[in-house]
Amino acid sequence: MNVPLRALTWAVRFFWIITIAFAITCVYSATFIRLNFGELTTDITEEAFTIIMPIILDNDGYYNIAHFNITTLITDNQNNHISQATTYIPNIPPQNQATVNHNISISLNQIIANEEYLFNDTNFTLHGIVQLKYANLIPFTFSGNNTIPWGAPLYNFTTDIPQYTPYNATHVTATVPISFQNHSPYFNLAGTIRIEIYNDRHELVGEGTTTLDAPPNTQYSGTIETIINTLAMTRSGQIRTYIETPMFNYGPMVMDYG
(Lines give C-alpha, C1' and ligand atoms only; values in the text may rest on other atoms or scores of the structure.)
Protein backbone atom coordinates (compact mmCIF):
# COMPACT_ATOMS: atom_id res chain seq x y z
CA MET A 1 0.00 0.00 0.00
CA ASN A 2 2.99 2.27 0.54
CA VAL A 3 4.08 2.10 -3.11
CA PRO A 4 0.95 3.75 -4.57
CA LEU A 5 0.97 6.34 -1.77
CA ARG A 6 4.65 7.08 -2.37
CA ALA A 7 4.01 7.32 -6.13
CA LEU A 8 1.11 9.72 -5.53
CA THR A 9 3.27 11.83 -3.23
CA TRP A 10 5.99 12.10 -5.85
CA ALA A 11 3.37 12.86 -8.53
CA VAL A 12 2.00 15.72 -6.42
CA ARG A 13 5.51 17.01 -5.77
CA PHE A 14 6.33 16.79 -9.48
CA PHE A 15 3.12 18.66 -10.33
CA TRP A 16 3.99 21.49 -7.93
CA ILE A 17 7.57 21.63 -9.18
CA ILE A 18 6.30 22.00 -12.75
CA THR A 19 3.68 24.56 -11.68
CA ILE A 20 6.16 26.67 -9.73
CA ALA A 21 8.73 26.45 -12.51
CA PHE A 22 6.07 27.48 -15.04
CA ALA A 23 4.96 30.39 -12.86
CA ILE A 24 8.53 31.57 -12.39
CA THR A 25 9.35 31.38 -16.09
CA CYS A 26 6.06 33.12 -16.91
CA VAL A 27 6.79 35.99 -14.53
CA TYR A 28 10.37 36.25 -15.78
CA SER A 29 9.32 35.92 -19.40
CA ALA A 30 6.58 38.54 -18.98
CA THR A 31 9.29 41.11 -18.23
CA PHE A 32 10.28 40.88 -21.89
CA ILE A 33 6.91 42.17 -23.11
CA ARG A 34 7.32 45.66 -24.57
CA LEU A 35 4.35 47.92 -25.32
CA ASN A 36 5.23 51.06 -27.27
CA PHE A 37 3.24 53.77 -29.03
CA GLY A 38 4.27 55.31 -32.35
CA GLU A 39 3.86 58.91 -33.46
CA LEU A 40 0.27 60.12 -33.41
CA THR A 41 -1.32 61.30 -36.64
CA THR A 42 -4.74 62.78 -37.34
CA ASP A 43 -7.34 62.46 -40.05
CA ILE A 44 -10.27 64.83 -40.52
CA THR A 45 -13.31 64.10 -42.67
CA GLU A 46 -16.75 65.69 -42.91
CA GLU A 47 -17.99 63.22 -40.30
CA ALA A 48 -15.25 62.81 -37.73
CA PHE A 49 -11.91 63.84 -36.33
CA THR A 50 -9.70 60.77 -35.84
CA ILE A 51 -6.52 60.32 -33.81
CA ILE A 52 -4.47 57.42 -35.19
CA MET A 53 -2.29 55.81 -32.50
CA PRO A 54 0.18 53.14 -33.70
CA ILE A 55 0.66 50.38 -31.10
CA ILE A 56 3.79 48.20 -31.22
CA LEU A 57 3.72 45.10 -29.03
CA ASP A 58 6.95 43.09 -28.77
CA ASN A 59 6.64 39.59 -27.33
CA ASP A 60 10.26 38.66 -26.59
CA GLY A 61 9.26 36.13 -23.94
CA TYR A 62 8.88 32.36 -24.02
CA TYR A 63 5.09 32.13 -24.25
CA ASN A 64 2.41 33.53 -26.51
CA ILE A 65 0.22 36.53 -25.80
CA ALA A 66 -3.47 35.96 -26.42
CA HIS A 67 -6.57 38.17 -26.43
CA PHE A 68 -4.69 41.47 -26.38
CA ASN A 69 -7.30 44.20 -26.00
CA ILE A 70 -6.83 47.95 -25.62
CA THR A 71 -9.87 50.13 -24.97
CA THR A 72 -9.89 53.90 -24.68
CA LEU A 73 -12.69 56.16 -23.51
CA ILE A 74 -12.65 59.96 -23.77
CA THR A 75 -14.86 62.00 -21.44
CA ASP A 76 -15.27 65.73 -20.91
CA ASN A 77 -15.17 67.61 -17.61
CA GLN A 78 -18.86 66.79 -17.08
CA ASN A 79 -18.09 63.07 -17.53
CA ASN A 80 -19.98 62.97 -20.84
CA HIS A 81 -18.71 60.30 -23.22
CA ILE A 82 -16.97 61.79 -26.25
CA SER A 83 -15.49 58.70 -27.86
CA GLN A 84 -14.81 55.03 -27.22
CA ALA A 85 -12.56 52.72 -29.23
CA THR A 86 -11.30 49.14 -28.94
CA THR A 87 -8.45 47.33 -30.71
CA TYR A 88 -8.05 43.55 -30.46
CA ILE A 89 -5.17 41.21 -31.39
CA PRO A 90 -6.07 37.50 -30.99
CA ASN A 91 -2.54 36.05 -30.71
CA ILE A 92 1.12 37.08 -30.71
CA PRO A 93 3.56 34.12 -30.71
CA PRO A 94 6.84 34.21 -28.75
CA GLN A 95 9.66 36.20 -30.35
CA ASN A 96 7.21 38.08 -32.54
CA GLN A 97 6.00 41.64 -32.90
CA ALA A 98 2.55 43.01 -33.73
CA THR A 99 1.82 46.54 -34.95
CA VAL A 100 -1.73 47.86 -35.22
CA ASN A 101 -3.38 51.26 -35.39
CA HIS A 102 -5.73 52.22 -32.58
CA ASN A 103 -8.15 54.78 -34.02
CA ILE A 104 -9.91 57.21 -31.68
CA SER A 105 -12.69 59.08 -33.51
CA ILE A 106 -14.63 62.12 -32.33
CA SER A 107 -17.83 62.98 -34.19
CA LEU A 108 -17.82 66.51 -35.58
CA ASN A 109 -21.60 66.61 -35.13
CA GLN A 110 -21.05 66.02 -31.43
CA ILE A 111 -18.58 68.91 -31.27
CA ILE A 112 -20.98 71.25 -33.05
CA ALA A 113 -23.86 70.15 -30.83
CA ASN A 114 -21.91 71.21 -27.74
CA GLU A 115 -20.98 74.89 -28.16
CA GLU A 116 -18.46 74.66 -25.32
CA TYR A 117 -16.15 72.58 -27.52
CA LEU A 118 -16.32 75.16 -30.33
CA PHE A 119 -15.88 78.35 -28.32
CA ASN A 120 -14.16 77.44 -25.03
CA ASP A 121 -10.93 75.68 -24.16
CA THR A 122 -11.42 72.71 -21.88
CA ASN A 123 -9.84 69.41 -20.84
CA PHE A 124 -10.82 65.92 -21.91
CA THR A 125 -9.82 62.82 -19.96
CA LEU A 126 -8.46 59.76 -21.75
CA HIS A 127 -9.22 56.54 -19.86
CA GLY A 128 -7.21 53.54 -21.07
CA ILE A 129 -7.28 49.86 -20.20
CA VAL A 130 -5.05 47.10 -21.61
CA GLN A 131 -5.94 43.44 -21.11
CA LEU A 132 -4.13 40.31 -22.25
CA LYS A 133 -3.67 36.66 -21.37
CA TYR A 134 -0.10 35.38 -21.13
CA ALA A 135 0.73 31.77 -21.96
CA ASN A 136 -3.01 31.24 -22.52
CA LEU A 137 -3.36 31.13 -18.75
CA ILE A 138 -2.37 34.22 -16.78
CA PRO A 139 -4.50 37.37 -17.27
CA PHE A 140 -2.93 40.82 -17.00
CA THR A 141 -4.80 44.13 -16.78
CA PHE A 142 -3.31 47.62 -16.87
CA SER A 143 -5.28 50.86 -16.66
CA GLY A 144 -4.65 54.57 -16.38
CA ASN A 145 -5.95 58.06 -17.12
CA ASN A 146 -4.45 61.04 -18.88
CA THR A 147 -5.59 64.63 -19.42
CA ILE A 148 -5.94 65.90 -23.00
CA PRO A 149 -6.14 69.69 -23.42
CA TRP A 150 -8.82 70.74 -25.91
CA GLY A 151 -8.29 73.99 -27.82
CA ALA A 152 -11.47 75.63 -29.10
CA PRO A 153 -11.33 76.37 -32.86
CA LEU A 154 -13.55 79.49 -32.43
CA TYR A 155 -12.19 80.76 -29.13
CA ASN A 156 -13.38 84.27 -28.17
CA PHE A 157 -15.40 84.68 -31.37
CA THR A 158 -16.42 88.35 -31.56
CA THR A 159 -18.66 90.27 -33.97
CA ASP A 160 -18.36 94.05 -33.43
CA ILE A 161 -21.03 96.66 -34.13
CA PRO A 162 -21.23 97.92 -37.74
CA GLN A 163 -19.21 100.95 -38.77
CA TYR A 164 -20.88 103.14 -41.45
CA THR A 165 -19.28 105.19 -44.22
CA PRO A 166 -21.09 107.01 -47.08
CA TYR A 167 -21.44 105.06 -50.31
CA ASN A 168 -23.68 107.36 -52.34
CA ALA A 169 -26.62 109.69 -51.79
CA THR A 170 -28.97 106.89 -50.76
CA HIS A 171 -26.73 104.12 -49.38
CA VAL A 172 -23.96 103.56 -46.86
CA THR A 173 -21.27 100.90 -46.53
CA ALA A 174 -21.58 98.89 -43.32
CA THR A 175 -18.31 97.31 -42.18
CA VAL A 176 -18.51 94.56 -39.54
CA PRO A 177 -15.23 93.49 -37.83
CA ILE A 178 -14.94 89.80 -36.87
CA SER A 179 -12.20 88.15 -34.84
CA PHE A 180 -11.42 84.92 -33.01
CA GLN A 181 -8.51 82.64 -32.10
CA ASN A 182 -8.14 79.14 -33.47
CA HIS A 183 -6.74 77.40 -30.39
CA SER A 184 -7.06 73.94 -31.95
CA PRO A 185 -3.79 72.26 -32.97
CA TYR A 186 -5.78 70.03 -35.35
CA PHE A 187 -8.36 72.08 -37.25
CA ASN A 188 -7.40 74.24 -40.20
CA LEU A 189 -10.49 76.40 -40.58
CA ALA A 190 -11.02 77.28 -44.23
CA GLY A 191 -14.29 78.37 -45.77
CA THR A 192 -16.49 81.44 -45.49
CA ILE A 193 -18.04 83.72 -42.87
CA ARG A 194 -21.42 85.15 -43.81
CA ILE A 195 -23.40 87.87 -42.02
CA GLU A 196 -26.96 89.13 -42.24
CA ILE A 197 -27.88 92.56 -40.83
CA TYR A 198 -31.46 93.19 -39.64
CA ASN A 199 -33.01 96.47 -38.53
CA ASP A 200 -35.23 96.87 -35.49
CA ARG A 201 -38.24 95.91 -37.61
CA HIS A 202 -36.59 92.49 -38.22
CA GLU A 203 -36.10 93.33 -41.90
CA LEU A 204 -33.01 92.03 -43.70
CA VAL A 205 -31.19 95.18 -44.83
CA GLY A 206 -27.79 93.82 -45.84
CA GLU A 207 -25.67 90.71 -46.12
CA GLY A 208 -22.08 89.92 -46.99
CA THR A 209 -19.47 87.16 -47.14
CA THR A 210 -15.74 86.93 -46.63
CA THR A 211 -13.15 84.18 -46.95
CA LEU A 212 -12.17 82.30 -43.80
CA ASP A 213 -8.60 81.04 -43.42
CA ALA A 214 -7.42 80.29 -39.88
CA PRO A 215 -4.63 77.69 -39.55
CA PRO A 216 -4.16 75.91 -36.22
CA ASN A 217 -3.04 78.10 -33.31
CA THR A 218 -3.54 81.41 -35.12
CA GLN A 219 -5.48 84.65 -34.63
CA TYR A 220 -8.12 85.58 -37.21
CA SER A 221 -9.14 89.20 -37.82
CA GLY A 222 -11.29 90.26 -40.76
CA THR A 223 -14.11 92.48 -41.90
CA ILE A 224 -17.27 92.02 -43.94
CA GLU A 225 -18.77 94.87 -45.94
CA THR A 226 -22.29 95.28 -47.22
CA ILE A 227 -24.26 98.14 -48.81
CA ILE A 228 -27.37 99.31 -46.91
CA ASN A 229 -30.13 101.65 -48.04
CA THR A 230 -30.25 104.55 -45.58
CA LEU A 231 -34.06 104.48 -45.56
CA ALA A 232 -33.94 100.93 -44.14
CA MET A 233 -31.37 101.70 -41.46
CA THR A 234 -32.29 101.93 -37.76
CA ARG A 235 -30.23 102.74 -34.70
CA SER A 236 -30.58 99.21 -33.34
CA GLY A 237 -30.84 95.81 -34.91
CA GLN A 238 -29.31 92.40 -35.11
CA ILE A 239 -26.35 90.71 -36.82
CA ARG A 240 -26.53 87.00 -37.58
CA THR A 241 -23.24 85.29 -38.38
CA TYR A 242 -22.76 81.94 -40.12
CA ILE A 243 -19.58 79.83 -40.34
CA GLU A 244 -19.37 77.53 -43.35
CA THR A 245 -16.47 75.08 -43.80
CA PRO A 246 -16.03 71.67 -45.46
CA MET A 247 -15.89 70.14 -41.96
CA PHE A 248 -18.90 71.81 -40.37
CA ASN A 249 -21.45 74.60 -40.68
CA TYR A 250 -22.51 76.64 -37.69
CA GLY A 251 -24.96 79.46 -37.17
CA PRO A 252 -26.58 81.74 -36.73
CA MET A 253 -24.58 83.43 -33.98
CA VAL A 254 -26.83 86.34 -33.02
CA MET A 255 -25.60 89.73 -31.76
CA ASP A 256 -27.92 92.61 -30.92
CA TYR A 257 -26.56 96.12 -31.42
CA GLY A 258 -27.74 99.66 -30.70
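A few comments on the model shown:
- Residues of the stretch 31-75 classified as touching a strand residue (DSSP E or B) at 6+ places or on another chain (Cβ under 6 Å) and charged (D, E, K, R), total: 3
- Of the numbered criteria (1) over 30 Å from Pro252 (Cβ atoms); (2) in contact (Cβ under 8 Å) with a residue 60 or more places away in the chain; (3) in a strand (DSSP E or B), the one Tyr63 fails is (3).
- If the condition is being surrounded by 15 or more Cβ atoms within 10 Å (Cβ to Cβ), in contact with a helix residue (DSSP H, G or I) (Cβ under 9 Å, 6 or more places away or on another chain) and under 30 Å from Ile193 (Cβ atoms), then the stretch 125-157 contributes Trp150, Ala152, Pro153, Leu154, Tyr155, Phe157.
- When each of Thr226, Thr210 is tested for being closer than 27 Å to Asn120 by Cβ, surrounded by 14 or more Cβ atoms within 10 Å (Cβ to Cβ), in contact with a Gly (Cβ under 6 Å, 6 or more places away or on another chain) and of a type in the set (Ser, Thr, Tyr), the lone residue that passes is Thr210.
- Selection of first residues in the stretch 234-258 that are closer than 14 Å to Phe157 by Cβ and of second residues that are buried (at least 17 other Cβ atoms within 10 Å of the Cβ) and among the basic types (Lys, Arg), restricted to Cβ pairs under 6 Å at least 6 apart or on distinct chains, gives the following pairs, ordered by first then second residue: Tyr242/Arg194; Pro252/Arg240; Val254/Arg240.
- The residues of the stretch 85-104 that are in a strand (DSSP E or B) and surrounded by 14 or more Cβ atoms within 10 Å (Cβ to Cβ), listed by number, are Ala85, Thr87, Ile89, Asn91, Ile92, Ala98, Val100, His102, Asn103, Ile104.
- Of all residues making up the stretch 234-258, the number that are part of a strand (DSSP E or B) and either under 13 Å from Asn199 (Cβ atoms) or in contact with an Asp or Glu (Cβ under 7 Å, 6 or more places away or on another chain) (or both): 6
- Within the stretch 119-140, not a single residue is within 23 Å of Gln238 (Cβ to Cβ) and either touching a Cys at 6+ places or on another chain (Cβ under 6 Å) or free of Cβ contacts under 8 Å to residues at least 24 places away in the same chain (or both).
- Cβ-Cβ under 9 Å pairs, at least 6 apart or on other chains, the stretch 194-207 side farther than 13 Å from Ile161 by Cα and touching a residue at least 12 places away in the same chain (Cβ under 8 Å), far side of a type in the set (S, T, N, Q) and crowded, with 18+ Cβ neighbours inside 10 Å: Arg194/Thr241; Val205/Asn199; Val205/Thr226; Gly206/Thr226; Glu207/Thr226
- Evaluation of Asp160 against the conditions (1) surrounded by 15 or more Cβ atoms within 10 Å (Cβ to Cβ); (2) assigned by TED's automatic domain parsing to the domain that holds Glu225; (3) closer than 24 Å to Thr218 by Cα shows that the sole unmet condition is (1).
- Meets criteria (in contact with a strand residue (DSSP E or B) (Cβ under 6 Å, 6 or more places away or on another chain) and closer than 30 Å to Asn229 by Cβ) for Arg201: no
- Residues of the stretch 128-153 classified as over 30 Å from Tyr250 (Cα atoms) and either of a type in the set (A, V, I, L, M) or outside any loop (DSSP other than H, G, I, E, B) (or both), total: 18
- The single condition among (1) under 16 Å from Tyr257 (Cβ atoms); (2) in contact (Cβ under 8 Å) with a residue 60 or more places away in the chain that Asp160 does not meet is (2).
The values are calculated or read from the model by the stated rules, or taken from the named source; none is laboratory data. What you see is a predicted model; the values in this text were computed from it and never measured. Note that we place each Cβ from the backbone using ideal geometry, even for glycine, and neighbour counts take in every protein chain shown.
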